[in-house]
Amino acid sequence: MIAINVIIGMVLIIIGLSFQVLGALGLIRLPDVYNRLQAATKSITLGAISIAIGVGVMDPTLLTKAILVAVFLLITNPISSHAIARGAYRSGVPLWKGSVVDKYGPALERKEREVKE
Amino acid sequence: MNELVFIALATLMFILMIALAVMVIRSKDLIKAAILLSGVSLIASFVFVLLRAPDVAMAEASIGSALTAIILVFAIKKTNRFEEGGEEK
Amino acid sequence: MMERTTFHRSLPAIALALLFAATLFVAFVEVDFGEPRIEEELPVNYQPGEEIDTENITTPGLRYLANSSEETGSANLVTAVVVNYRGFDTLGEVTILFLAATGVGALLSFIKDDDEKKKKKILPPSLILNKGARLVLPLIILFGVYVFLHGHLSPGGGFQGGVIIASGMLLFYIAEPTKGASHKVISIIESTAGLAFIGLGIVGLMTASKIFLANDFAGDWGEVGMLVSAGLLPLIYIAIGFKVGSEMTGLVEKMRGDGS
Amino acid sequence: MNGLALVFYGGILLLIAVGIWGILSRRNLIKVIMAITIIATGVNLLLVSVGYISGRAAPIVGGDTGIDASSTTGSVVDPIPQALVLTAIVIGLATTALALVAAVGYYRKTGSLELKSWSYGLTNEKEVKK
């Protein structure tokens, strides 16, 4: 008989793994940096955190560490992907041809003008 | 750990590491090469964990993949970004 | 076409490199992978946990494995080797690090020319990045301190903790591109930590064994697995942690130049 | 020689071979330094893998690891190569930084990172200076 927390943990790990696989697929298939970043971010927030919590539920002695890891990922991941996207835009990585809206470009130009003055 | 899983993981990691290293040498964009180099170090730190050396893995993960890459990028910013004859991409 | 000529030119290099690898591989056929080779001196019917007559052992690895918990009180055997048995080597290594950092500074001051002095205006960092880095930086430094404080109990130690702190300072440079760590503070921390290392070594000269960097208090203050169990060893690793952390921060700071 | 030895020693030596190929065939100084870093990673892996023993735990006793402090003999891997490699990695960063600063100095002097010939920076200095 398998304990109930092991089953819950396994379900969480399977959810996390499937999100990781989807994220990897998006990393290969999507056309430009910004779209790929989207896929990578999703796979970390839902995939890695779900796996961490799943491991914590399966082995309750690790639960505190797992929650700490999850909180740390939750703080750092959006910041780092924001920084990567901003750096890519500012170093001139082009958008995909099919992109319809680019609101950051005008804002960046305005800011550059402000700095020059 | 199961012996077979150990062999499979090690083989996968070495294939990835050698492929990344070849890409480091072949790429004409030095910043790209620096980032690929930090990937080599990251996988090397995983192999250190497989070899039961967690201390070395921690040192390799933080030095190889963070500090070496950043020092390379600072040096590249002071010099040329591209190798000779590589700017046409 | 360009690609093919490059490949053609590097063909001898590939052949030479593969020849080198093949030669080394032939040499390594004799070396067994995953076989115990540190315990060949053990008696034939040895059981784990049995007392060993350490007087006659000549393999250093076996001697360290058999005695390190009693002699150093450290749960992490790598830490025991780095700080206790090979403490003098570590002192030399820290000196090499210091020399390399000094060399970087000296070379950079020689080759600095005028066009680097004019500062170009850079965009301020984005709000999210700035606030997020300020939120995460103390946590990273806390983690680094944890790593070198628990170097004798869990994986990690002075080198890893110091490097983690240095990479946390990188985050600070991203968040505040115009500022940097103060050279004065860095050099004060570095020299204090170095002096603390030497001073702890001299404590070993004054206690029972009269050996530089000896660890005579091991096990006096607690059992193996407690924070205070390892005598002077955690104190030395804390000094190494501060020294490596400040040196690496200084190295990155020097390589970065004037905020460009 | 078993399969594991083939994978580990073969993979590590191929990695070192890639680094040697890079040193021999590239002329960009920073690329050469990167190749040296690859070789250093390979050598560190080689040293640690020589100290590995199948079926043993990491050299940490007591606490959560479940290894008794009094019977480390026969249950953990060899800690000496790990201690050696730990210091080698930290020194590797410092030497890499020193080499990079030398490369930057070469660039300032000659205006290029490419190594045309070994005496390039010394003999042609006046003609090349921009």
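The values are calculated or read from the model by the stated rules, or taken from the named source; none is laboratory data. Keep in mind it's a predicted model, so treat the numbers as computed, not measured. As a convention, Cβ positions derive from the backbone with ideal geometry for all residues, glycine included, and neighbour counts pool all protein chains shown. In case anyone asks, the SASA skips ligands and DNA or RNA and just uses the protein heavy atoms, side chains included. Shrake-Rupley method; radii C 1.70, N 1.55, O 1.52, S 1.80 Å.
Note on the stretch D:72-95: among residues that are more than 7 Å from chain C (Cβ to nearest Cβ) and in a helix (DSSP H, G or I), the one that is surrounded by the most Cβ atoms within 10 Å (Cβ to Cβ) is D:Ile89.
In the stretch C:137-158, the residues that are part of a loop (DSSP other than H, G, I, E, B) reach residues that are open to solvent by 10 Å² or more (accessible area, probe 1.4 Å) and at pLDDT 85 or above with C-beta atoms within less than 7 angstrom, at least six apart or across chains, in these pairs: C:Gly151/C:Pro234; C:His152/C:Pro234; C:Pro155/B:Pro54; C:Pro155/B:Met58; C:Gly156/B:Met58; C:Gly156/C:His150.
Being modelled with pLDDT under 90 and outside any loop (DSSP other than H, G, I, E, B) narrows it down to one of C:Gly161, C:Gly168, so name that one. So the residue among C:Gly161, C:Gly168 that is modelled with pLDDT under 90 and outside any loop (DSSP other than H, G, I, E, B) is C:Gly168.
Residue-wise test of (1) farther than 27 Å from B:Asp55 by Cβ; (2) touching a Ser or Thr at 6+ places or on another chain (Cβ under 9 Å); (3) modelled with pLDDT of 85 or more.
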position	(1), (2), (3)
C:Val185	yes, yes, yes
C:Leu195	no, no, yes
C:Ile211	no, no, no
C:Gly222	no, yes, no
C:Tyr237	no, yes, yes
C:Met248	no, yes, yes
C:Arg256	yes, no, no
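The number of residues in the stretch D:48-67 that are more than 7 Å from chain C (Cβ to nearest Cβ) and modelled with pLDDT under 90 comes to 9.
Within the stretch C:223-260, take every residue that is more than 30 Å from B:Gly64 (Cβ to Cβ) and open to solvent by 20 Å² or more (accessible area, probe 1.4 Å) and give me the one that is farthest from the other protein chains (Cβ to nearest Cβ). Checked the stretch C:223-260; the qualifying residue farthest from the other protein chains (Cβ to nearest Cβ) is C:Val228.
Considering the stretch A:1-108, the qualifying helices (runs of 4 or more DSSP H), each wholly inside and each with 1 or more residues that are within 23 Å of C:Leu135 (Cβ to Cβ), run over A:33-42, A:49-58, A:63-90. As for the stretch C:158-179, it holds at least one residue that is open to solvent by less than 40 Å² (accessible area, probe 1.4 Å), at the interface with chain B (Cβ under 10 Å from one of its Cβ atoms) and more than 17 Å from C:Leu137 (Cα to Cα).
Being without any contact (Cβ under 8 Å) to a residue 24 or more places away in the chain, at the interface with chain B (Cβ under 7 Å from one of its Cβ atoms) and open to solvent by 10 Å² or more (accessible area, probe 1.4 Å): is that true of D:Leu14 here? Yes, satisfied.
In the stretch A:73-84 there is no residue matching the filter, namely being away from chain C (no Cβ under 14 Å) and open to solvent by 60 Å² or more (accessible area, probe 1.4 Å).
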